[in-house]
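What follows is a single structure, written as structure tokens, with notes after it.
The values are calculated or read from the model by the stated rules, or taken from the named source; none is laboratory data. Small disclaimer: the values here were computed from a predicted structure and weren't measured. In this analysis, Cβ positions are derived from the backbone assuming ideal geometry, glycine residues included, and neighbour counts consider all displayed protein chains. Just the protein is used for accessible areas: all its heavy atoms, side chains included, with ligands, DNA and RNA removed. Shrake-Rupley method; radii C 1.70, N 1.55, O 1.52, S 1.80 Å.
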Amino acid sequence: MPRVFLTWLFRLCGGMFTIAILFVAVAEAHESRPAYLQITETAPSQFDLLWRTPMRGSMPLPVVLELPKGVRNMREPLIQTLSDSRLERRWIDAGPEGLAGKRIGFPGLELTITEVIVKVALLDGRNWMTVARSSQPWVAMDETQGWPAVVLDFLRQGIKHMLSGPDHLLFVFGLLLLVRSPWMLVKTITAFTVAHSITLAAATLGYVRPPVPPIEAAIAMSILFLGVEVVRAFRGETSFAIRHPWVVAFAFGLLHGFGFASVMSAAGLPSADLPLALVSFNIGVELGQLAFVAVILLLVYSIRSLGIVWPRPAMYVPIYVVGVLGAYWTIERVVTMVTST
């Protein structure tokens with residue numbers, strides 16, 4: 001009777017844990033992409049604004065652009081809704097004092113996990129980039145940043161995008177469940193890294209521009225595929241993916257690289273800043289990925305060192321997480337892609 005009760009208890013906990021992970025992941029699946037504001041001075045105290053907010057499902061991220069008092073529209077704003085973002089173009093007159101020393105706010109940013117990249121170009125030739133975060137949802141128009149700040153900002157964004165992107169983390173987690181030997185794990189993670197670095201660079205530099213909805217749906221399918229393969233491996237079966245996980249990691253890594261590129265595309269950086277930002281962002285992604293892998297391996301090592309033996313039903317919990325979320329995201333993103341066309 002105690003054994004039956006423990007089995008039932010572990011299955012219940014596994015189901016509750018899976019549901020909890022599902023809700024958290026669904027809530028945060030797309031929120032890590034940054035918003036972007038480009039400010040270009042076209043005449044003394046007159047500016048063109050390009051305000052881009054990422055879409056979360058069918059709605060834009062709930063972050064609002066708040067300009068300083070005294071600023072007026074010179075003509076009606078133009079608004080365009082794309083598949084992955086909402087664009088707003090504005091032409092403003094900031095009055096005799098201009099925008100120097102004033103704050104531009106982003107109400108709602110403090111309730112998200114994302115950031116706003118702000119790029120400024122003035123008539124006198126000065127250009128700079130700064131970032132507003134949830135901890136400080138505004139920027140001051142007298143802040144300037146050189147290349148060290150660009151490196152740190154995009155390094156931070158790369159780490160944050162990886163660690164706050166549940167679809168990418170779940171794929172890596174699935175690889176950890178599938179791979180059995182340390183050497184094969186090194187090959188698999190390296191293949192995934194090389195693959196997504198290739199497509200991240202290609203998409204960011206403009207060589208390829210695949211549409212976002214199909215890529216996101218394909219990423220979800222890659223997680224679902226991995227979930228099925230993990231179940232097969234757990235049952236003692238074999239397949240090409242189980243024997244050669246590094247090949248699967250490389251193939252699907254190409255898709256995930258396009259997903260990473262959405263952050264760089266949303267930033268709308270000029271060509272002069274792209275190489276530095278690209279390298280910094282990619283390094284940040286790798287640091288985030290290695291940190292996640294290290295935490296999982298350390299957790300597994302700690303459990304084994306303590307001599308903890310889990311009942312077999314409890315070992316299905318991580319497989320449930322990969323499979324359920326992969327299936328959910330696949331359905332959600334395919335439906336979104338079909339209904340938006």
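Quick look at the values:
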read-out: Residue match in region 106-120 (condition: open to solvent by less than 10 Å² (accessible area, probe 1.4 Å), closer than 28 Å to Trp329 by Cα and part of a helix (DSSP H, G or I)); value: yes
read-out: Complete set of residues in region 201-214 that are open to solvent by 20 Å² or more (accessible area, probe 1.4 Å) and either of a type in the set (Gly, Ala, Ser) or within 10 Å of Phe258 (Cβ to Cβ) (or both); value: Ala201, Ala202, Gly206, Val208, Arg209, Pro210, Pro211, Val212, Pro214
read-out: One residue from Ile223, Ile198 being open to solvent by 40 Å² or more (accessible area, probe 1.4 Å), under 27 Å from Ser83 (Cβ atoms) and modelled with pLDDT of 90 or more; value: Ile198
read-out: Qualifying residue in region 94-101 (condition: assigned to a strand (DSSP E or B) and either surrounded by fewer than 19 Cβ atoms within 10 Å (Cβ to Cβ) or under 28 Å from the mean Cα position of the chain (by Cα) (or both)); value: no
read-out: All positions within region 298-334 that are assigned to a helix (DSSP H, G or I), at pLDDT below 90 and open to solvent by 80 Å² or more (accessible area, probe 1.4 Å); value: Leu299, Tyr301, Arg304, Arg312, Met315, Tyr320
read-out: Some residue of region 61-68 being loosely packed, with under 15 Cβ neighbours inside 10 Å and free of Cβ contacts under 8 Å to residues at least 12 places away in the same chain; value: no
read-out: Within region 236-245, tally of residues that are open to solvent by 50 Å² or more (accessible area, probe 1.4 Å) and part of a helix (DSSP H, G or I); value: 2
read-out: Residues within region 160-185 that are more than 23 Å from the chain's Cα centre (by Cα) and closer than 14 Å to His244 by Cβ, tallied; value: 7
read-out: Given (1) at negative phi; (2) crowded, with 17+ Cβ neighbours inside 10 Å, number of the condition Ser134 does not satisfy; value: (2)
read-out: Which listed residue, of Asp167, Asp153, Asp142, is touching a residue at least 12 places away in the same chain (Cβ under 8 Å), farther than 30 Å from Tyr316 by Cα, of a type in the set (D, E, K, R) and surrounded by 15 or more Cβ atoms within 10 Å (Cβ to Cβ); value: Asp153
read-out: Inter-residue pairs, beta-carbon under 6 Å, first of a type in the set (S, T, N, Q) and in region 117-131, second open to solvent by less than 30 Å² (accessible area, probe 1.4 Å) and assigned to a strand (DSSP E or B), 6+ apart; value: Asn127/Ala121; Thr130/Val118; Thr130/Val139
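Conditions tested, residue by residue: (1) closer than 23 Å to Pro166 by Cβ; (2) touching a residue at least 60 places away in the same chain (Cβ under 8 Å); (3) within 17 Å of the chain's Cα centre (by Cα).
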residue	(1), (2), (3)
Thr193	yes, yes, yes
His196	yes, yes, yes
Val208	no, no, no
Ala217	yes, yes, yes
Ala220	yes, yes, yes
Ile223	yes, yes, yes
Gly227	yes, yes, no
